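The values are calculated or read from the model by the stated rules, or taken from the named source; none is laboratory data. Keep in mind it's a predicted model, so treat the numbers as computed, not measured. Cβ sites come from the backbone with ideal geometry, for glycine too, and all protein chains shown count toward neighbours. The protein model used for the area step is the full one, side chains on, heavy atoms only, and it has no ligands, DNA or RNA in it. Shrake-Rupley method; radii C 1.70, N 1.55, O 1.52, S 1.80 Å.
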Amino acid sequence: MEIEKVKCLIVGSGPAGYTAAIYAGRANLSPVLYEGLQPGGQLTTTTDVENFPGYPEGISGPQLMEDLRAQAGRFGADIRFGIATASDLSKAPYKITIDGDKEIETETLIIATGATAKYLGLDDEKKYAGMGVSACATCDGFFYRKKVVAVVGGGDTACEEAIYLAGLASKVYLVVRKPYLRASKIMQERVRNHEKIEVLFEHNVTGLFGENGVEGMSLVKRWGEPDEERYTLPVDGFFLAIGHKPNSDIFKPYLDTDEVGYIITTPDKPCTKIPGVFAAGDVADPHYRQAITAAGSGCKAAIEAERYLSEKGLI
Ligand SMILES: Cc1cc2nc3c(=O)[nH]c(=O)nc-3n(C[C@H](O)[C@H](O)[C@H](O)COP(=O)(O)OP(=O)(O)OC[C@H]3O[C@@H](n4cnc5c(N)ncnc54)[C@H](O)[C@@H]3O)c2cc1C
């Protein structure tokens with residue numbers, strides 16, 4: 001197998017990975033970055049990004065990511081197609097296999113592989129992606145001011161998203177599969193007492209409909225029971241809040257993760273329990289999952305990588 005030695009390897013090309021590459025490039029670490037299956041990361045799947053600082057008129061997700069990529073390239077980041085398929089973090093230098101047929105030996109590793117939102121698996125979720133379907137209330141809620149939206153999920157995140165959206169929308173349906181909420185007591189109470197939120201217990205969504213975007217959802221109440229009921233409800237927005245899957249599988253044997261798979265780092269820092277291995281962005285962030293927070297932690301990871309290499313006399 002071909003082996004290449006580098007000082008700083010970045011895995012992932014979302015805001016965290018590219019920002020790490022900008023800082024590592026400017027610190028002369030000659031970073032190598034592998035983009036993975038989704039060059040540019042999650043924001044390439046959205047149209048308008050209105051909350052990334054520096055763009056008063058907003059910017060399209062793909063354009064923002066192209067700009068970040070170009071900025072990283074300008075400072076010498078070696079940006080490559082390729083997927084990290086295995087890791088050996090048992091000792092430095094750390095070994096990462098790319099596409100199953102090449103090994104990178106690196107003194108520092110920045111994991112910026114993101115997290116993937118879970119969907120119900122309906123064809124209509126793909127059909128209306130960016131046209132009424134969203135997995136991020138903080139990102140897209142603003143587009144639904146004074147409109148009617150649905151949130152799917154029964155945990156704390158779903159309740160939080162419903163409450164957040166209720167501050168903007170005229171009405172929020174919280175669609176819950178079970179006859180109860182899994183959320184903490186306090187969140188349950190806040191949802192139940194909110195005049196704009198209606199909880200639809202024992203409901204499944206079977207489809208979405210609309211001409212040029214989501215206009216409604218098809219529901220089944222008490223699916224498979226003798227009193228099963230099928231009906232439709234008009235909604236303008238459809239928000240998934242059934243969890244995310246952090247892309248951390250290949251690193252899990254070596255790093256601490258929480259029960260969902262988010263990589264655990266030192267509070268307020270991107271440092272993992274392995275010196276020289278850092279995790280930035282959504283893969284280590286169950287709380288915020290925003291482009292700007294991902295970029296911020298990518299910056300921190302590159303600064304930590306530079307300090308580590310400097311302390312070890314490797315630069
Ligand atoms: C539809 C949508 C709209 C959004 N809108 C907004 C918004 O308006 N504002 C906002 O702030 N946030 C928004 N977000 C959230 C934002 O996109 C994320 O918080 C942010 O992209 C996280 O950045 P990241 O760098 O951690 O990872 P990601 O953007 O998830 O990128 C992960 C990267 O890792 C790569 N990767 C994964 N596994 C591997 C591997 N094994 N080998 C190599 N590479 C790998 C992928 O190819 C990808 O490039 C939105 C998200 C979605 C899905």
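Helix 61-74 axis versus longest C-alpha principal axis of the chain: approximately 10°, rounded to the nearest ten. Computed over protein heavy atoms with a 1.4 Å probe, the accessible surface of the range 197-315 works out to 49 Å² per residue. Give the residues of the range 35-71 whose amide nitrogen is closer than 15 Å to a point set 7 Å from the Cα of LYS102 in the direction of its Cβ. Inside the label zone: 35-37.
May I ask you to rank GLU211, GLU160, GLU225, GLU125 by accessible area, largest first, using a 1.4 Å probe over the protein chains only?
Details: GLU211 150, GLU160 105, GLU225 85, GLU125 10 Å².
Most to least solvent-accessible, the answer reads GLU211, GLU160, GLU225, GLU125.
Work out the FRET efficiency for GLU195 and GLU215 from their Cβ-Cβ distance, taking R0 = 35 Å, and round it to the nearest 0.05. Given R0 = 35 Å and the Cβ-Cβ separation, E is 0.90. Between GLY154, GLY14, GLY114, the Gaussian network model of the chain with springs among Cα atoms under 10 angstrom shows the greatest mean-square fluctuation at GLY154.
Below 14 angstrom from the Cβ of ASN247, what's the summed charge of the other residues (Lys, Arg +1; Asp, Glu -1)? Taking every Cβ under 14 Å from that of ASN247, the sum is 0. VAL260 sits among other residues whose Cβ lies under 15 Å from its own Cβ, and their net charge, with Lys and Arg +1 and Asp and Glu -1, is -2. If you sort VAL176, VAL148 by accessible surface, 1.4 Å probe, largest first, the order is VAL148, VAL176. When the solvent-accessible area of the range 152-206 is split by element, carbon and sulfur atoms take up 44 percent of it, the probe being 1.4 Å. The solvent-accessible area of LYS91, taken with every protein chain present and a 1.4 Å probe, is close to 130 Å².
Accessible surface for ARG69 stands near 90 Å², nearest 10, in the context of the full protein assembly shown (1.4 Å probe). Relative contact order of the chain, taken over Cα pairs closer than 8 Å and 6 or more residues apart, is 20 percent. Considering only ASP156, ASP268, ASP256, the mean-square fluctuation computed in a Gaussian network model of the chain, springs between alpha carbons under 10 angstrom, is largest for ASP268. Summarising the amide proton neighbourhood of ALA117: residues at separation of 5 or more, or on other chains, whose placed amide H is nearer than 5 Å comprise LYS245. Taking Cα atoms only, the orientation of helix 291-311 departs from the longest principal axis of the chain by about 20 degrees. Rolling a 1.4 Å probe over the protein heavy atoms leaves PHE209 with an accessible area of roughly 80 Å². Summing Cβ point charges (Lys, Arg +1; Asp, Glu -1) relative to the Cα centre of the chain gives a dipole of roughly 520 debye. Partner aspartates and glutamates whose Cα lies under 12 Å from the Cα of LYS147, excluding those fewer than 8 positions away in the same chain, are identified as GLU215, ASP236. Amide hydrogen proximity for THR85: with H placed 1.01 Å from N in the peptide plane, the residues at 5 or more positions away or on another chain lying under 5 Å are THR97, ILE98, ASP99, GLY100.
GLU306: net charge of surrounding residues, Cβ under 15 Å, Lys/Arg +1, Asp/Glu -1, itself excluded? Computed value for this residue: +3.
Ordered by solvent-accessible area of protein heavy atoms (1.4 Å probe), largest first, the residues VAL260, VAL214 come out as VAL260, VAL214.
So what's the gap between the Cα centers of the range 89-133 and the range 150-185, to the nearest angstrom? Distance between centres, Cα-based: 28 Å. Each Lys and Arg adds +1 at its Cβ and each Asp and Glu adds -1 at its Cβ; summed about the Cα centre, the range 118-238 shows a dipole of about 300 debye.
In the chain, taking the dipole from charged Cβ atoms about the Cα centre, the farthest positive-side position among PHE239, THR116, LEU255 is held by LEU255.
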